[in-house]
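No lab work stands behind these numbers, since they all come straight from the coordinates. Keep in mind the model is a prediction, meaning the values are calculated, not measured. Counting neighbours? That spans all protein chains shown, and the Cβs are built from the backbone with ideal geometry, glycine included.
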Amino acid sequence: MTLPQATRPFVDFAVLLRGHGFPVAPDQTIGFIEAAGLLGPRDMTDIRRAAIAMLAIPREREAEFDALFRAFFLGQAVSAPVAGDDEDAVEAYEPDGGTSEVEEGEELSEIGVQATTAERLAARTLSPQDPDRVLDRFRRLAPRRLPRRRSYRHAPTSRRGVLDLRRTLREAARRDGDPVILKQRRRKTRQRRIALLIDISGSMKERTDDRLRFAHALVQAGDHVEVFTLGTRLTRITSELRALDRARALARVSGLVADFDGGTRIGEALQTFLAVPRYAGFARGAVVLVLSDGLERGGPEAMIDATRRLARHAWRLDWLSPLAGDPGYRPETAALATVLPAVDALADGADLAAICDHVLALGRAA
């Protein structure tokens, strides 16, 4: 689709911001264009105000934003420092091509000796085969066993409710003022949102196929589910997993995700997730499930900060690690050990059965 000539500068400016580490999502770019149109604009100040408001520019980075704004729209030289180079960035990918980036720390440490920061882009053929019937059972039970929350809407009930005075009076009017039964009502419930974050780095290579098959089953069973892969990039794969046929869905995922079996930047990928307003908003009040061994290469600061922030957003944050299948397991990485108090559960994620049982049990816990 060809863009109208008048909108091209705004789109190109959003691309420039993403290239300098500002997490600008495609829908924010559309909002920027619409806001600029509503303002007139009378001068460049109106365009700047629209950009600040709709692109969610952090206050601490406004000086850098202004330098890029002047360089792009006014032709002035950029003198403000910009974020790190592209090789050290974690990007958020969606099927429409939109990206957002965050910086990745340069310092390495001994924690997570099996992890690496090196980005190795690779395609992968995902097998749709089900080694057992665990997922068939999960799909059958999940619609009624996934965690739910109370809605603001009410529904009639025959027991354990509150008096529905309006229906009671209406029934009395039909019976000439003689109410036979006191009508009751209760709050409706709806499935709670679920955000699933899957580590597809090299240290999780042997388990990636099973976890993506589980993600497909969860998307099919849940009403509000978002799925992302974590590696050297953050990739949203929800749309691909909505295909009913599992083989077709996994083929789409394998064509979209480019960082299978590569490096590990869990902290930076989680920071990117929180930096995109649409993603962070979805996590509010949701069940957030992280399927990862927690083996992070580099300083733990990014992962610690992102996990604590994510825990404050979510209804509950559960970390399912394949290493936690051992009853005597204790986190050895500095990052995972530090964030343990912020996590609602560090649970067994060694196989499909353990993951499915944990998710189905969340409804009873609620």
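The table below gives the values:
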| quantity | calculated |
| --- | --- |
| Residues residue 206 and residue 278, FRET efficiency given R0 of 30 Å [Cβ-Cβ distance, rounded to 0.05] | 0.40 |
| Reciprocal mean inverse distance between Cα atoms of the range 189-281 - Kirkwood radius, Å | 13.5 |
| Spin-label model distance (nm) - residue 16 vs residue 244, 7 Å beyond Cα toward Cβ | 4.8 |
| Cα centroid separation, the range 209-276 to the range 1-73 (Å) | 29 |
| Whole-Hz ³J(HN,Hα) from phi, Karplus 6.51 cos²θ - 1.76 cosθ + 1.60, for the range 15-25, glycine and proline x | 5, 4, 5, 4, x, 10, x, 8, x, 9, 7 |
| Full-stretch length increase - residue 141, residue 71 - with 0.36 nm per residue and alpha-carbon distance subtracted | 19.5 nm |
| Vicinal HN-Hα couplings computed from phi for the range 249-257 (Karplus, 6.51 cos²θ - 1.76 cosθ + 1.60; Hz; Gly/Pro x) | 5, 5, 5, 5, 4, 5, x, 8, 6 |
| Karplus (6.51, -1.76, 1.60) ³J(HN,Hα), θ = phi - 60°, over the range 303-319, in Hz, Gly and Pro reported as x | 5, 4, 5, 5, 5, 5, 5, 5, 5, 6, 6, 7, 5, 8, 10, 10, 10 |
| Relative pair counts by distance (%), Cα atoms of the range 8-83, 10 Å bins | 20, 59, 21, 0 |
